[in-house]
1. What single numbered condition from (1) touching a helix residue (DSSP H, G or I) at 6+ places or on another chain (Cβ under 6 Å); (2) assigned to a strand (DSSP E or B) fails to hold for residue B:311?
2. Filter segment B:372-384 for residues that are more than 7 Å from every other protein chain (Cβ to nearest Cβ) and more than 17 Å from residue B:344 (Cα to Cα) and give the result.
3. Any residue in segment B:326-349 that is within 13 Å of chain A (Cβ to nearest Cβ), surrounded by 21 or more Cβ atoms within 10 Å (Cβ to Cβ), assigned to a loop (DSSP other than H, G, I, E, B) and free of Cβ contacts under 8 Å to residues at least 24 places away in the same chain?
4. Could you please let me know if residue B:333 is in the same structural domain as residue B:216 (by TED's automatic domain parsing), farther than 24 Å from residue B:387 by Cα, modelled with pLDDT under 95 and in contact with a helix residue (DSSP H, G or I) (Cβ under 8 Å, 6 or more places away or on another chain)?
5. Report whether or not residue B:369 is in contact (Cβ under 8 Å) with a residue 12 or more places away in the chain, more than 22 Å from the chain's Cα centre (by Cα) and more than 9 Å from chain A (Cβ to nearest Cβ).
6. Scan segment A:65-83 and tell me whether some residue there is closer than 27 Å to residue A:188 by Cα and buried (at least 19 other Cβ atoms within 10 Å of the Cβ).
7. Would you mind stating whether residue B:180 is within 14 Å of chain A (Cβ to nearest Cβ), over 23 Å from the mean Cα position of the chain (by Cα) and not in a helix (DSSP H, G or I)?
8. Residue under question is residue B:70, and the condition is that it be over 15 Å from the mean Cα position of the chain (by Cα), in a helix (DSSP H, G or I), more than 14 Å from chain A (Cβ to nearest Cβ) and surrounded by fewer than 19 Cβ atoms within 10 Å (Cβ to Cβ); does it hold?
């Protein structure tokens, strides 16, 4: 398959709550485990024989059902996902006798002193799944899941490496489409499509007409259209440091050195922290600066979902830190499902001009 | 009293004089024992803070999810809750000063939808209105807005900060986890304050905390009396008491005043409402801090009393076992997890949140409930649908409105008054009459 066909397949995957790969999986009797948040390790679900499926609100026309349950003061991402759930759009998650529910208490600081708690939480989750579904998540299965998810990580890393070039063969809109799709379909099928895509991209001519290279960071973002609006102004997104983007992947998990669950836990817990984490802002800034340098970016566009409090704190802090560092920084607020508006486009244009681009 | 040093700044002058004015005005009033005690307690706290600055004693900031007993285990260390100035401004009726701090934080880039008390805390720090901390000890409760605030305050001050991770559930495993963190925080506090932690002192502090808790527990019982013996606004002030005074003899004095006033008035057969109460309601979510006289209006105009609210409710798991260092740490962890208002209800599953509400409605024999939705409180508002369902099932009429507890510009007090008046006229009174 060629780049356009593969991107079109990924585009179909991300358009709504269901996709053809998911439907095939379910039709073949496969079970699906829905989850929120980058601190939930997909490997456990894969090892248990589930398709890990990251919940999002795509395909929700309006959030009225969620609004009624949660008030309009809760972020629109959550309200849209609740709306979809209330409308039965996630019923494929209930194709089991007794639906499973668990909540992971992830510590709010990625510190060694709190790691054991996180690891214990994963052990508890694993045990709950085993007990609920009457199955065994063996070390061997976990090792297999690590291998599968590492294969995805490697492909995403290769994709991102290509974006470091002066003329990246892929836009930010396309890259985010790919990384979102990675959360919604069987990973082996994703990896196969990625092999074809990467092969094609190595031959592809890159984008040259852009005015500036930017990193997009901030709160949850699973709407490539929003990036398209930014890129239409001449800014090329070269890395999306968001939950559905680079943040969910990172380096590969080491294989075979000790207990696989321990390795999975370390990988997740000590990933580049998101705004929910405290006592680590210097690490977040350092990682962001590294990304700016590696991807040769001209500036940072920070987008935050309205009513997202953790990113409200980081938005304030990043603005001042980047100002001090001399890294151009644009802060935007957005609502879920709303593409970049005229106002956003104007602000991006002004940002590019401010950078002298 | 002359105020010394940096605290001469207008914001502190205003609250100090305001507190002094209230004490002068009401100290002889036997009906104001509880209010006098808390205002007086805050003046003592300000004196302590000013003295610490003058004497060069170390100061530790903490947030409202963090009960201060552990910090008090260090000799000579002054605790400062980051919400202190805002609470004082509103307590003495100087809300314009809070508004200025909120505006300043927003102008500095803090998002408008962050909680107003957290924005005001950032504004306070931007204005250099708190004594410089040796370090900061924060809990990740009660909400994400506090996370935004503590991250911003850490960035602004560049002072050492330690986070106590409070997990979502509140069982024994969680108690052990938090207790371990509290133990590990001791060397952090010692290092940055230069003061030694004393287990004997901590024992005394926990004993004091228990004395306060016993009064509050009994006071909660006394507030069940019909008619309600005391003014509604006292329950709104309980969280301020816990955050600022836990482990401090002043806290016990305030709790005792709350308790004694209620008991004495019950013994005298007095109702807080002249002519007798007509309606009783549980007030869930946040008090109208920006206008505490609003409660007087409810009582006099509507004959409506609030015997209990979310902030006044004192869960009975509060007593700390002081027999060993380990039991004290566990007791304090239990208090942080299961007792502090908001921290108890706003984390993890919604069960505590709704169960406490239903229990309050039953225990305090109310005619209806008021869900006063502080706009920034996504943790509370996020559960409104389930909350409504629970109210319907329990046949409790529920009034819901949104406002900002420290910023009258969002919903003016007159609008809140209209909402409550109409709800009583349209729903509560006909229902009572029909019964």
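1. Condition (2) is where residue B:311 drops out.
2. B:372, B:374, B:376
3. No, there is no match, as no residue in segment B:326-349 is within 13 Å of chain A (Cβ to nearest Cβ), surrounded by 21 or more Cβ atoms within 10 Å (Cβ to Cβ), assigned to a loop (DSSP other than H, G, I, E, B) and free of Cβ contacts under 8 Å to residues at least 24 places away in the same chain.
4. no
5. When the stated conditions are applied, residue B:369 does not pass them.
6. So far as segment A:65-83 goes, yes, one or more of its residues are closer than 27 Å to residue A:188 by Cα and buried (at least 19 other Cβ atoms within 10 Å of the Cβ).
7. no
8. No.
The values are calculated or read from the model by the stated rules, or taken from the named source; none is laboratory data. All figures in this text were calculated on a predicted structure; none of them were measured in a lab. Counting neighbours? That spans all protein chains shown, and the Cβs are built from the backbone with ideal geometry, glycine included.
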